[in-house]
Amino acid sequence: MLLCSSSAAIRRISVSWLIMANNSNFKSHRLSRSDAAALALENYTKRPRTMSTHSSLKDAFSSYADHLNALNEKRERIVKASRDVTMNSKKVIFQVHRISKANREEVLEKAEKDLAAVRDQHISRLVKELQGTDFWKLRRAYSPGVQEYVEAATFFKFCQTGTLLNLDEINASLLPLSDSSLEPLQINLLDYLLGLADLTGELMRLAIGRISDGEVEYSERICQFVRDIYRELTLLVPLMDDGSDMKTKMDTMLQSVVKIENACFSVRVRGSEYIPLLGSSDPSSFLVGVSDAEL
């Protein structure tokens, strides 16, 4: 009896020690795993964060930056070339305004050479920059220069032949400047019409000047020519985009037509009062006291 009780007690003690041993092993194992996780987390947080130099995202943004920088540099070069075209085209216009009965051939010959120089030296720079690119994307950069060139070319053509230089003729003169393997630079219709609108202002100044030199019939021809331009454009402008500058220029064009008509009317209807005006600088002229800005 006593022997059985001792055996049972020994088994209970053995089981208790076994359980305790297992628990201690589990706790030590659990602690070791926790320590390993904490160490890994510590190492991760201390690791420096760097972007790979071979990142596709970084390469993409670098490519976009290079494209935009190249586009901005091209735009600056085009703006500079457009300013040079504007400045030299104005010189051609000033040269044509020196025309008179005595020096007509000389003035037109000099103006023709100057216009050819503008085309070969300055328009050619625009052609080289814009070949193979989207012309409309950079239109705002070169449009003012192109408009001024159209104004100078059409003004010279009218004084030389009395006719209007059309868009096809202007573009044909630019074809030799372009590379035959690329799409050539062609002046678009909008820039041509804007330049044509500016032409009427120069024709108004020319008409007033011809009246003061006694060329009344020539001024009347100019008046009719400007009327025709204005009449045709009044049919076209309502169909154009509201954001176009053409509608603003139409008001200025109408003012030019009215000034030429008033000048020609005054000479024809009240010609006896202005007979000394024709070929002289009589102080009773209706033009005395009128500033150049008003003309």
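The values are calculated or read from the model by the stated rules, or taken from the named source; none is laboratory data. Here the structure is a predicted model, which is why all the values come from computation and not from measurement. Note: ideal-geometry Cβ built from the backbone for every residue, glycine included; neighbour counts use all protein chains shown. Heavy atoms of the whole protein, side chains included, go into the accessibility calculation; ligands, DNA and RNA do not. Shrake-Rupley method; radii C 1.70, N 1.55, O 1.52, S 1.80 Å.
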* **Close pairs from region 244-255: first within 14 Å of Ile229 (Cα to Cα), partner open to solvent by 40 Å² or more (accessible area, probe 1.4 Å) and among the aromatic types (Phe, Trp, Tyr), Cβ under 6 Å, at least 6 apart** => Met253/Tyr230
* To do: Identify all residues within region 253-263 that are open to solvent by less than 80 Å² (accessible area, probe 1.4 Å) and of a type outside the set (D, E, K, R); write none if there are none.
  => Met253, Leu254, Ser256, Val257, Val258, Ile260, Ala263
* Count - residues of region 78-109 that are open to solvent by 90 Å² or more (accessible area, probe 1.4 Å), within 16 Å of Arg205 (Cβ to Cβ) and in a helix (DSSP H, G or I) -> 2
* Asked: Among the numbered criteria (1) touching a residue at least 60 places away in the same chain (Cβ under 8 Å); (2) touching a Gly at 6+ places or on another chain (Cβ under 9 Å), which single criterion is violated by Ser219?
  -> (1)
* Asked: When you look at Leu194, is it under 30 Å from Asn72 (Cβ atoms), of a type outside the set (S, T, N, Q), at pLDDT below 95 and open to solvent by 20 Å² or more (accessible area, probe 1.4 Å), yes or no?
  -> no
* For residues that are under 24 Å from Val226 (Cβ atoms) and either modelled with pLDDT under 90 or in a loop (DSSP other than H, G, I, E, B) (or both), tally how many sit in region 139-182. => 5
* Asked: Quick check: anything in region 267-290 touching a Phe, Trp or Tyr at 6+ places or on another chain (Cβ under 9 Å), at pLDDT 75 or above and not in a loop (DSSP other than H, G, I, E, B)?
  -> yes
* To do: Tell me which of these Ala172 doesn't satisfy, since it passes every other one: (1) surrounded by fewer than 18 Cβ atoms within 10 Å (Cβ to Cβ); (2) under 22 Å from Arg77 (Cβ atoms).
  => (2)
